[in-house]
Every structure is written in structure tokens, then in C-alpha cells.
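Okay, structure first, notes after.
The values are calculated or read from the model by the stated rules, or taken from the named source; none is laboratory data. Fair warning: this is a prediction, and the values are worked out from it, not measured in the lab. Here the Cβ is made from the backbone with ideal geometry for all residues, glycine too, and neighbour counts use every protein chain on show. Just the protein is used for accessible areas: all its heavy atoms, side chains included, with ligands, DNA and RNA removed. Shrake-Rupley method; radii C 1.70, N 1.55, O 1.52, S 1.80 Å.
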Amino acid sequence: MLKILVVGGAGYIGSHMVKFLGRRGCSVTTLDNLSGGYQEAVLYGDFILGDVADRALLDTLFSRNRFDVVMHFASFIQVGESILHPFKYYQNNLSATLTLLEAMQAAGIDQFIFSSTAAIFGEPQQIPIDETHPQNPINPYGRSKWMVELMLQDLERAYGLRSVCLRYFNAAGADPEGQLGERHDPETHLIPLVLQVASGRRSHLSVFGQDYPTDDGTCIRDYIHVEDLCVAHWLALQSLVKGDPSQRYNLGNGQGFSVQQVINTVQEVTGRNIPVVYERRREGDPARLVADSRKIRQILGWAPQFIKLSQIIEHAWKWECQHLHPG
Ligand code: UDP
């Protein structure tokens with residue numbers, strides 16, 4: 001039986017992963033400081049309340065448990081905040097990850113799966129974005145993730161620590177069974193915000209920019225279902241355990257949807273009207289971000305299951321209705 005430590009297992013993607021692993025008979029331990037997560041979202045395994053920057057805690061944890069693999073989901077994710085508060089991002093996303101990796105190395109744990117991001121690429125030079133695209137992040141959030149990726153290359157060379165970096169494009173959707181979903185506070189992501197308008201928790205959606213060089217003038221993003229992200233982690237886990245070398249994969253549907261298409265689909269799925277206020281562009285938003293995920297399809301046999309935007313929105317809507325807006 002595989003023994004996995006999920007750092008950030010109480011958060012949005014981490015909690016789906018804990019359920020996914022638990023369902024497949026893995027022994028799962030979650031380490032989370034609950035700064036952005038919810039303990040009740042951890043449906044399987046042990047839960048340890050603590051910070052990944054706490055070296056003594058990690059040493060104790062690793063001396064008591066022989067983990068095969070560490071999955072690291074715990075990070076701050078708001079680009080705008082990272083520009084205003086870079087220390088916060090370098091502290092948590094970079095320095096705390098370094099502490100985790102040092103503790104792993106000291107304990108002889110040498111397999112790591114890292115949640116990276118499309119933000120490592122910066123302004124796109126070509127679309128879709130594959131793994132050979134230049135990496136030139138333009139904000140502290142993207143840079144903190146890119147620095148970890150670079151560090152991992154050095155750690156493999158020096159210590160044989162093998163890793164898989166998964167660069168998510170726009171993670172979206174919710175547990176198809178309705179037990180888990182996205183619950184950020186404050187919420188900044190498009191799909192949950194549109195659904196909060198649909199459920200009546202918000203009066204309107206602000207659309208950031210209507211003058212982009214796209215068909216309808218709004219930004220295009222590649223929304224990938226959280227369950228498909230879990231499958232990618234699962235395949236990455238199998239490959240590490242079987243001894244494959246480190247890899248870095250871009251993870252998206254390969255399809256782009258505009259902000260306007262998201263709004264239209266939410267209206268269709270929910271039957272509710274979405275009042276919209278058009279505002280100025282948000283700083284640092286490229287017009288179009290779409291992944292080329294052929295590498296992970298070819299090497300690991302990954303294939304996204306929920307490729308329709310309507311399915312992603314249906315699952316997220318189920319969560320919004322059941323858990324956040326009872327009645
Ligand atoms: N967006 C928007 N209004 C909002 C939130 C987001 O128009 O209230 C747009 C944003 O400008 C971007 C897209 O929706 O073009 C996706 O944004 P999100 O923050 O969900 O993800 P990002 O692509 O920034 O990681």
C-alpha cells in the first residue's frame with residue numbers, strides 16, 4: 001500500500017486528491033495549516049494541523065511515517081497579492097517548500113509531486129503552450145513556482161530526489177459526487193464568482209476587459225476539471241514509484257473558453273441571469289492562455305474526462321447549491 005503525504009490536503013485541489021487517493025486504497029496523511037483550507041474537506045486518512053515551514057514538525061512526522069511520495073499543494077495563489085506582498089509568496093511558496101524538501105532529503109524520501117502553474121511561462125509567445133515554451137514569469141507568484149522547479153532540477157542532480165511538476169492552467173469544477181468543491185476566501189476565480197452571482201450571493205460579475213484581441217473581446221483560458229488534475233497526479237505517482245525520471249508537464253484541456261462563453265454557459269446550466277459590469281483590464285492578464293498537454297498524454301497516457309465546459313460548470317454549480325447556498 002502506498003503511503004502518501006499530501007501537504008495542503010485541506011485546500012481546493014488537495015482535498016480532491018486526498019479523496020481520490022483514499023478511494024484507491026492509499027494510506028494518506030494531510031498536513032495543512034488551515035490558512036486557506038477546511039478540515040472537514042479532508043475525507044480520508046490522518047489530518048495533522050501544522051505548517052510546512054515547521055522543520056521540527058516535519059522531522060517528527062517523517063520519523064514516525066515512512067512516506068513513499070510527498071504531494072505539495074500548499075501555496076498562495078493570487079497573482080495581484082503576490083505583486084503587493086512578494087515576501088509572503090517567497091516565504092510560503094519558495095522558502096517553506098525548501099524546508100519541506102530538506103526535511104524529505106534528511107529522512108530519505110525522494111519522490112515529490114509539485115503543483116506548478118501556467119504562470120511560469122509569463123506572457124505567451126505562442127499558443128498552445130507546450131513544455132518548450134520559454135519560461136519567463138512576470139509576477140512573484142509565477143516566479144516563486146518557477147524557482148521551485150529550478151531547485152528541483154538541482155536536487156535531483158545532487159541527491160537523486162525525483163519529482164514531477166504539474167503546471168495547471170485554470171483548475172476548475174468540483175467533485176462529481178458533490179462532496180467537495182472550490183471555497184476560497186476571498187474568491188477571485190472566474191467560475192465560482194459567476195456561480196455566486198447565479199446563486200444570489202453576489203449582485204453581478206465584473207468582467208475585466210472587453211477589448212482583448214479575441215472573438216468576443218474577453219480573455220480566453222483553458223479550464224481543466226479538478227478530477228482530471230487528480231488523475232494526472234495519480235499517473236505521475238505511478239511513474240515515480242516505478243522509477244521513471246523526473247518530468248514537467250503542462251496540464252490543460254487544450255481548449256480555450258472566453259470569459260463571455262463561461263458566463264453564457266453558466267446561464268444555460270443554471271437557468272439564471274448573470275448581470276455583468278464591464279470594467280478595465282486586470283493587470284497582468286494575457287489575452288489567451290491555452291495548454292498543449294500532448295506530452296503527458298503521450299508519456300503517461302493521461303486523457304481528460306470532463307472536457308466540456310458545461311460539465312465543469314455543472315459540477316461546480318452542484319457544489320455551490322449544496323454547500324454554500326442551502327435552499
Ligand atoms: N475574470 C473576470 N472577472 C472576475 C474574475 C476573473 O473577468 O471577477 C477573468 C480574468 O480577467 C481572466 C479570467 O476571468 O481573464 C480567469 O481569471 P481567474 O482569476 O479565474 O484565473 P487566472 O486565469 O487569472 O488564473
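Working only within region 165-192, note down all residues that are open to solvent by 30 Å² or more (accessible area, probe 1.4 Å), at pLDDT 95 or above and near the ligand (Cβ under 10 Å from one of its atoms).
170, 189, 190, listed by residue number.
Kindly provide the set of residues from region 122-133 that are of a type in the set (Asp, Glu) and either within 18 Å of the chain's Cα centre (by Cα) or within 18 Å of residue 106 (Cβ to Cβ) (or both), ordered by number.
Selection gives 130, 131.
When region 193-212 is examined, which residues are found to be of a type outside the set (S, T, N, Q) and open to solvent by less than 20 Å² (accessible area, probe 1.4 Å)?
194, 195, 197, 198, 205, 207, 209, 212
Are any of the residues in region 98-120 open to solvent by 40 Å² or more (accessible area, probe 1.4 Å), in contact with a His (Cβ under 7 Å, 6 or more places away or on another chain) and of a type in the set (S, T, N, Q)?
The answer is no, given that none of the residues of region 98-120 is open to solvent by 40 Å² or more (accessible area, probe 1.4 Å), in contact with a His (Cβ under 7 Å, 6 or more places away or on another chain) and of a type in the set (S, T, N, Q).
So which residues in region 49-73 are without any contact (Cβ under 8 Å) to a residue 60 or more places away in the chain, of a type in the set (Val, Ile, Thr) and either in contact with a strand residue (DSSP E or B) (Cβ under 8 Å, 6 or more places away or on another chain) or under 14 Å from residue 6 (Cβ atoms) (or both)?
52, the sole residue that qualifies.
Matching residues to (1) among the β-branched types (Val, Ile, Thr); (2) without any contact (Cβ under 8 Å) to a residue 40 or more places away in the chain; (3) touching a strand residue (DSSP E or B) at 6+ places or on another chain (Cβ under 8 Å):
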site	(1), (2), (3)
247	no, no, yes
257	no, no, yes
264	no, yes, no
283	no, no, no
290	yes, no, yes
293	no, no, yes
304	no, no, yes
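Taking the criterion of being among the small types (Gly, Ala, Ser) and in contact (Cβ under 8 Å) with a residue 24 or more places away in the chain, would at least one residue in region 37-44 satisfy it?
Yes - at least one qualifying residue is present in region 37-44.
Give region 135-164 a look and list any residue that's assigned to a helix (DSSP H, G or I) and within 16 Å of the ligand (Cβ to nearest atom), or say none.
Passing the criteria: 140, 141, 142, 143, 144, 145, 146.
Results for (1) surrounded by fewer than 17 Cβ atoms within 10 Å (Cβ to Cβ); (2) among the hydroxyl-bearing types (Ser, Thr, Tyr); (3) under 19 Å from the mean Cα position of the chain (by Cα), shown as yes or no for each residue.
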{"residue": "18", "(1), (2), (3)": "no, no, yes"}
{"residue": "26", "(1), (2), (3)": "no, no, no"}
{"residue": "34", "(1), (2), (3)": "yes, no, yes"}
{"residue": "39", "(1), (2), (3)": "yes, no, yes"}
{"residue": "46", "(1), (2), (3)": "yes, no, no"}
{"residue": "52", "(1), (2), (3)": "no, no, yes"}
{"residue": "56", "(1), (2), (3)": "yes, no, no"}
{"residue": "60", "(1), (2), (3)": "yes, yes, no"}
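Which ones in region 134-175 are β-branched (Val, Ile, Thr) and under 16 Å from the mean Cα position of the chain (by Cα)?
Matches in region 134-175: 148, 164.
Could you check, for region 195-204, whether at least one of its residues is outside any helix (DSSP H, G or I), more than 15 Å from the ligand (Cβ to nearest atom) and touching a Lys or Arg at 6+ places or on another chain (Cβ under 9 Å)?
Among the residues of region 195-204, at least one is outside any helix (DSSP H, G or I), more than 15 Å from the ligand (Cβ to nearest atom) and touching a Lys or Arg at 6+ places or on another chain (Cβ under 9 Å), which makes the answer yes.
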